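Data first, discussion second: the structure below is written as structure tokens.
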Amino acid sequence: MLSWLHSLDRHVPLRYLTWFTCAVVMLLGAFTEIAFHTGGLFAALGFLGVVVGVRDVRQRRHSILRNYPVIGHMRFFLEFIRPEMRQYFIEGENEAAPFSRAQRSLVYQRAKGDPDKRPLGTMLDVQHEGYEWINHSLQPSKLASHDFRVTIGADCAQPYSASIFNISAMSFGALSGAAIRALNGGARIGNFAHDTGEGSISAHHRAQGGDLIWEVASGYFGCRNPDGSFNPELFAQHAREPQVKMIELKLSQGAKPGHGGVLPGPKVTREIAEARGVEMGVDCISPASHGAFSTPVGMLQFLARLRELSGGKPVGFKFCVGHPWEWFAIAKAMMETGLVPDFIVVDGAEGGTGAAPLEFTDHVGAPLQEGLLLVHNTLVGLDLRDRVKIGCAGKVVSAFDIARMMALGADWCNSARGFMFALGCIQSQSCHTDKCPTGVATQDPQRQKALVVPSKIERVHNFHRHTLEALKELVQAAGLQHPNQITANHIVRRVAGDRVKLLSNHLEFVCPGALCDAIAGRAEWPHNVYRMYWPLARADSFAPQAAEARPDGLKVPLAAPGEGRPVDVVG
Ligand SMILES: Cc1cc2nc3c(=O)[nH]c(=O)nc-3n(C[C@H](O)[C@H](O)[C@H](O)COP(=O)(O)O)c2cc1C
Ligand code: SF4
């Protein structure tokens, strides 16, 4: 800074310049108004600036305003418009935050039915580490339909033939009523499933008649007693509705596993209270864990009870993988009781939510690839894979994303934020403020008017249809008949520099029955994670077995929750 500016700043702080300018404008405006009957507006504006400045230096909430009266408000304004400015002018095409411009544009185009083809070749750096491609065939296949389906709960009284691409769990409460109606309407036209999320089934879910997966979480919304415990009669009543096709018990979700949640009282409207069976205007709490069971065996018995109460609909659970021994405890309980869920949905740590603490979204839970592989491999190794279907969610928005997940072992994929983009979400990331600019994630009736349900129904349907059409083209190019034939042998990854590997060589896959053999002592453990943690898992408890009680006597520096530091799971 120039020296004279420095000395001026010492006597009259330059950060007050805007405030002083307001005072000067006020005085000049007042003078010209009195002398020439013009300039009153400037005087008024200057006066306003002076008052704002006085208020700024006296308030105690924002130190920036105390030091920078009037001009300091620019900071808040710029912060307010930062996401939009970044999104429109600064953000790179493939920069994910959390979804890249390229990913969102693809969804917008498919949802609107606009051309989704690209000229002049890929924007991706194909030499970059992590770049992946699917191998094509010189003999492409020709498929009649893009409507790929998977049968879930084949042994149930009412199995469900699901699309391999469905709307992931998002509650009415997190999303607006208009958004729920549009999602469900799209699901009805496109013949795919809409997961209710833990907020239960609302009038908005029923209005369009699309297939529902009813998610039951720790708050037992829609099937609870006033004290929050599970109510079997209420559950049976809703689960038997023809629109409900499957029941999903939520254990955790990737964005905030082990956290639970609260919908603040002011957001608990009459409609939300009715759907959930809670009191209007009172904080609606989802506990971090379930009250209806406390052990792996208890959980499987609870699932079996839900299946029976629902009249034989497929039941399963959704979770994000955490402690490996807890998942192994569930698997052990399946082996010991013969009680097997019809499906498991694996959610990745990269998953979304309406609101969660930053540490949870950033650093808790296994990412989808690792979680999915662990669940798939365990079931394969135990010879249970053909009895349990696996769904998954975690940033799946394109046909390649679906193909990749199916190669890693999924039978179907869910998308939450992909369908939000189809509804018009612009990723402003203000879902938790009730000020959603597009009417997707707000309970404000005025803001919801921005979302025109009939046109968004069309977009939800279009996004689903065009994505599966693109998947059909990928499957055809690979010379296959169904996406469930895509394996890790079809996908190649650049692992470093000039080195590329098939996913089947790059990632660990377990052979059928390999875990049974290892458990029986007939073979080595297929991976360290099994060697270390399988013996610790107990069907009768989620807690790990004490080291002394391990059958092989191996001392693993592992302590019960809260007692110490677990060892590396990758081994
Ligand atoms: C706004 C919002 C609300 C959600 N609510 C639920 C919920 O009620 N239950 C649940 O299991 N998952 C919930 N999720 C997680 C999603 O169902 C999904 O598992 C996760 O976002 C990963 O999918 P995505 O990457 O396609 O968004 C929510 C996600 C979002 C974005
Ligand atoms: S537009 Fe913004 S506030 Fe609305 S749903 Fe999308 S991210 Fe959330």
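If you check every pair at least six apart or on different chains, which have Cβ atoms under 6 Å apart with a residue in segment 412-427 that is closer than 24 Å to Ile486 by Cβ first and a residue that is in a loop (DSSP other than H, G, I, E, B) and more than 9 Å from ligand 1 (Cβ to nearest atom) second?
Once the first residue is closer than 24 Å to Ile486 by Cβ and sits in segment 412-427, its partners that are in a loop (DSSP other than H, G, I, E, B) and more than 9 Å from ligand 1 (Cβ to nearest atom) give Trp412/Ile164.
Name the single residue, out of those in segment 277-301 being of a type in the set (A, V, I, L, M, F, W, C) and in contact (Cβ under 8 Å) with a residue 60 or more places away in the chain, that is surrounded by the most Cβ atoms within 10 Å (Cβ to Cβ).
Cys284
Looking only at residues that are among the charged types (D, E, K, R) and under 12 Å from Ala182 (Cα atoms) in segment 434-470, which one is farthest from ligand 1 (Cβ to nearest atom)?
By that ranking, first place goes to Glu458.
Where the second residue is assigned to a loop (DSSP other than H, G, I, E, B) and the first is acidic (Asp, Glu) and lies in segment 344-367, which pairs have Cβ atoms under 6 Å and are six or more apart or on separate chains?
Partner pairs satisfying both residue conditions: Asp347/Gln253; Asp347/Gly254; Asp347/Cys320; Glu350/Pro367; Glu350/Gly394; Glu350/Lys395.
Report yes if some residue within segment 379-390 is surrounded by fewer than 24 Cβ atoms within 10 Å (Cβ to Cβ), within 16 Å of ligand 2 (Cβ to nearest atom) and in contact (Cβ under 8 Å) with a residue 40 or more places away in the chain; otherwise report no.
no
Determine which member of the set Val297, Val321, Val380, Val364 is in contact with a Lys or Arg (Cβ under 8 Å, 6 or more places away or on another chain) and β-branched (Val, Ile, Thr).
Among Val297, Val321, Val380, Val364, only Val364 is in contact with a Lys or Arg (Cβ under 8 Å, 6 or more places away or on another chain) and β-branched (Val, Ile, Thr).
Would it be correct to say that Gly210 is of a type outside the set (A, V, I, L, M, F, W, C), surrounded by 21 or more Cβ atoms within 10 Å (Cβ to Cβ) and closer than 20 Å to Leu451 by Cα?
Spelling it out, Gly210 is indeed of a type outside the set (A, V, I, L, M, F, W, C), surrounded by 21 or more Cβ atoms within 10 Å (Cβ to Cβ) and closer than 20 Å to Leu451 by Cα.
Which one of these is within 30 Å of Met334 (Cβ to Cβ), within 13 Å of ligand 1 (Cβ to nearest atom) and not basic (Lys, Arg): Cys431, Cys392, Cys425?
Cys392 is the lone residue from the list that is within 30 Å of Met334 (Cβ to Cβ), within 13 Å of ligand 1 (Cβ to nearest atom) and not basic (Lys, Arg).
Run down Lys250, Lys245, Lys256, Lys267 and say which single residue is among the basic types (Lys, Arg) and in contact with a Ser or Thr (Cβ under 7 Å, 6 or more places away or on another chain).
Among Lys250, Lys245, Lys256, Lys267, only Lys256 is among the basic types (Lys, Arg) and in contact with a Ser or Thr (Cβ under 7 Å, 6 or more places away or on another chain).
Keeping to segment 404-422, report how many residues are more than 10 Å from ligand 1 (Cβ to nearest atom) and in contact with a strand residue (DSSP E or B) (Cβ under 7 Å, 6 or more places away or on another chain).
7
For Ala102, state whether it is within 30 Å of Pro454 (Cα to Cα), at pLDDT below 90 and either of a type outside the set (Asp, Glu) or in contact with a Pro (Cβ under 7 Å, 6 or more places away or on another chain) (or both).
No: the conditions fail for Ala102.
Would a scan of segment 446-456 turn up a residue that is touching a helix residue (DSSP H, G or I) at 6+ places or on another chain (Cβ under 7 Å), within 10 Å of ligand 2 (Cβ to nearest atom) and within 26 Å of Arg86 (Cα to Cα)?
yes
When you look at Val57, is it within 44 Å of the chain's Cα centre (by Cα) and modelled with pLDDT under 95, yes or no?
Yes, satisfied.
Could you check, for segment 236-245, whether at least one of its residues is in a loop (DSSP other than H, G, I, E, B), within 15 Å of ligand 1 (Cβ to nearest atom) and either buried (at least 17 other Cβ atoms within 10 Å of the Cβ) or among the β-branched types (Val, Ile, Thr) (or both)?
No, the conditions are met nowhere in segment 236-245.
So which of Cys516, Cys511 ends up being within 31 Å of the chain's Cα centre (by Cα), modelled with pLDDT of 55 or more and under 14 Å from Leu382 (Cβ atoms)?
Exactly one residue qualifies, and that residue is Cys511.
Just to check your reading of the model, which residue among Gly316, Gly312 is within 16 Å of ligand 1 (Cβ to nearest atom) and farther than 27 Å from Asn528 by Cβ?
Gly316
Kindly indicate whether any position in segment 344-354 is under 21 Å from Asp540 (Cα atoms) and assigned by TED's automatic domain parsing to the domain that holds Ala255.
Yes, that holds for at least one residue.
The values are calculated or read from the model by the stated rules, or taken from the named source; none is laboratory data. Note that the structure is predicted; figures quoted are calculated from it, not measured. Because the Cβ atoms are built from the backbone with ideal geometry, glycine has one as well, and the counts that use them run over all protein chains shown.
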